[in-house]
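The next block holds one structure in the form of structure tokens; read it before the comments.
Just so it is clear, none of the values below were taken in a lab; they were calculated from the coordinates. The structure displayed is predicted, hence computed values, not measured ones. All Cβ positions, even for glycine, are placed from backbone atoms using ideal geometry, and neighbour counts span all protein chains on display.
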Amino acid sequence: MTEENKQPLEEEAPETEETPQPQPEEAAGKAPKGKKKKEKGFTFTKEQVEQMEQAVKQLETTKDQFARLAAEYDNYRKRTAKEKETLYQDAKADTIREFLAVYDNLERAAAAPGGEDDPHKKGLEMIFAQYKELLKKLGVAEIEARGQPFDPERHEAVMHIDDGNFGENQVAQVFQAGFILGDKVIRHAVVQVAN
């Protein structure tokens with residue numbers, strides 16, 4: 001390399017118009033002597049003020065409408081979530097109700113007298129116990145009825161008896177078990193009530 005190549009190249013600055021540099025007084029925000037600083041201000045006509053007031057009212061109305069719409073949407077979301085849960089619980093209860101006939105038959109077969117050492121009866125009792133456990137896992141509980149006060153919300157009375165062993169309006173006998181799912185009655189217990 002030669003000496004000429006080693007020298008840094010000077011960049012040529014593009015030619016621009018020179019802008020006047022502000023005087024120190026102007027840079028400090030002071031008007032030069034003999035000149036008054038002109039203040040800038042806005043003046044509005046009565047019509048413009050009315051338009052601005054109308055725009056503010058319209059903005060407030062729009063904000064109010066937006067807040068109402070947001071509240072309606074939130075209520076809608078909560079309501080639909082609750083309806084979905086209710087539909088699910090209703091469908092579950094309807095399905096379980098159909099299987100309660102199988103429960104009744106297993107209960108009658110397990111309660112039938114005789115054959116205590118019969119392997120078929122023992123197998124049937126095991127199936128019935130497994131069926132009860134399955135209902136329990138699904139959240140289904142049998143309504144306690146025998147010896148309890150009669151509750152028309154949970155019991156269906158089909159017979160009345162006079163029996164001194166039971167109190168007034170007390171369930172004396174259960175003919176068919178009742179079931180609940182959470183707080184919802186799937187099937188009322190069919191009972192005999194003592195007077």
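Out of Thr80, Ile127, Pro113, whose Cα points farthest toward the positive end of the dipole of the stretch 54-151 (charges: +1 Lys, Arg; -1 Asp, Glu; placed on Cβ)?
Thr80
For the stretch 99-195, calculate the relative contact order in percent as a whole number, restricting contacts to Cα pairs under 8 Å that are 6 or more residues apart.
Here the relative contact order equals 26 percent.
Would you please classify the overall shape of the stretch 60-195 from the alpha carbon gyration tensor, given that a ≥ b ≥ c denote the square roots of the eigenvalues, rounded means a/c under 1.5, and beyond that prolate means a/b larger than b/c while oblate covers the rest?
oblate
Sticking with the crude label model, points 7 Å out along Cα→Cβ, report the distance from Lys132 to Asn195 in nm, one decimal please.
Placing both labels 7 Å beyond Cα along the Cβ direction yields 3.4 nm.
Amide H to amide H, which residues 5 or more places from His160 or on other chains are under 5 Å from it, using H placed in the peptide plane?
Sorted by chain and number, the residues that satisfy this are Val193.
Between His120 and Glu53, what is the spin-label point distance in nm, taking each point 7 Å from the Cα along the Cα→C-beta axis?
Here the answer is 9.7 nm between the modelled labels.
Got a sec to turn the phi values of the stretch 143-148 into Karplus ³J(HN,Hα) couplings, 6.51 cos²θ - 1.76 cosθ + 1.60 with θ = phi - 60°, whole Hz, x for Gly and Pro?
So the Karplus estimates, Gly and Pro as x, are 6, 6, 10, 4, x, 8 Hz.
Around Ala145, with a cut-off of 11 angstrom between Cβ atoms, what is the net charge of the other residues, counting Lys and Arg +1 and Asp and Glu -1?
Summing Lys and Arg as +1 and Asp and Glu as -1 gives -2.
Taking a point 7 angstrom from the Cα of Phe42 along the C-beta vector, which residues in the stretch 51-67 have backbone N less than 17 Å away?
51-57, 59
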